[in-house]
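This report concerns only the one structure given below.
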Amino acid sequence: MPIVVFIVGYHNTGKTTLAEKLSKELTLRGYRVGYIKHDPKGHGITDKEGSDSYRLFQILDKVALLGAGKLTLWEKAHDDPLKVIERYFSDFDVVLLEGWKSIKGFKKLVLGDLHVEGFRVDEKISLEEIINYILT
């Protein structure tokens with residue numbers, strides 16, 4: 001099982017920016033890093049209405065698009081990031097998850113004034129301190 005770290009905070013607090021910085025630095029250090037973003041309202045667009053894959057996904061449980069060195073997979077699933085990690089990211093060293101502030105028992109990087117337990121990240125905290133928290 002990889003190290004699992006949730007990055008939580010309100011909208012526009014820098015969660016994705018922090019995930020990018022951590023991903024780059026951990027990758028440079030030789031870690032295999034995965035990333036999962038929470039989209040509870042389904043606003044993320046991964047396919048456009050009317051496309052072949054969109055139409056088939058209305059019928060099937062799993063549809064994939066393969067091309068130009070990239071695989072895109074649509075699979076019907078429940079909102080359980082831990083099962084996604086187990087199924088798709090078990091061979092990674094670190095998995096960063098953006099969101100899911102209510103999940104307990106895992107390391108959390110907390111941005112802004114969100115009132116949850118975890119390692120508080122602000123402009124005074126260095127990237128090295130955050131990485132030490134993740135890796136220890």
Rounded, prolate or oblate: pick one for segment 34-105, where a ≥ b ≥ c are the square roots of the eigenvalues of its C-alpha gyration tensor, a/c under 1.5 means rounded, and failing that, prolate if a/b is larger than b/c, else oblate.
-> prolate
Excluding ligands, DNA and RNA, the carbon-plus-sulfur percentage of the accessible area of segment 48-115 with a 1.4 Å probe reads 55 percent
For the chain, how big is the tail of P(r) above 21 Å, as a whole percent of Cα pairs?
-> 48 percent
Where the only charges are on Cβ atoms (+1 Lys, Arg; -1 Asp, Glu), what is the dipole of the chain about its Cα centre, to the nearest 20 debye?
-> 60 debye
Cross-link pairs beyond the 32 Å C-alpha cut-off, checked among K70/K101; K48/K124; K70/K107; K15/K83; K76/K124; K70/K124 = K48/K124; K76/K124; K70/K124
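Where only protein heavy atoms count, and the probe is 1.4 Å, what is the accessible area per residue for the chain in Å²?
I get 68 Å² per residue for the chain.
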By the C-alpha gyration tensor axes a ≥ b ≥ c (rounded if a/c is under 1.5, else prolate when a/b exceeds b/c, else oblate), the shape of segment 58-99 is oblate
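The values are calculated or read from the model by the stated rules, or taken from the named source; none is laboratory data. Everything quoted here is computed from the prediction, not taken from an experiment. Don't worry about glycine lacking a Cβ; one is built from the backbone with ideal geometry, like all the others, and counts go over all protein chains shown. Please note that ligands, DNA and RNA were not included when accessible areas were found on the heavy atoms of the full protein model with its side chains. Shrake-Rupley method; radii C 1.70, N 1.55, O 1.52, S 1.80 Å.
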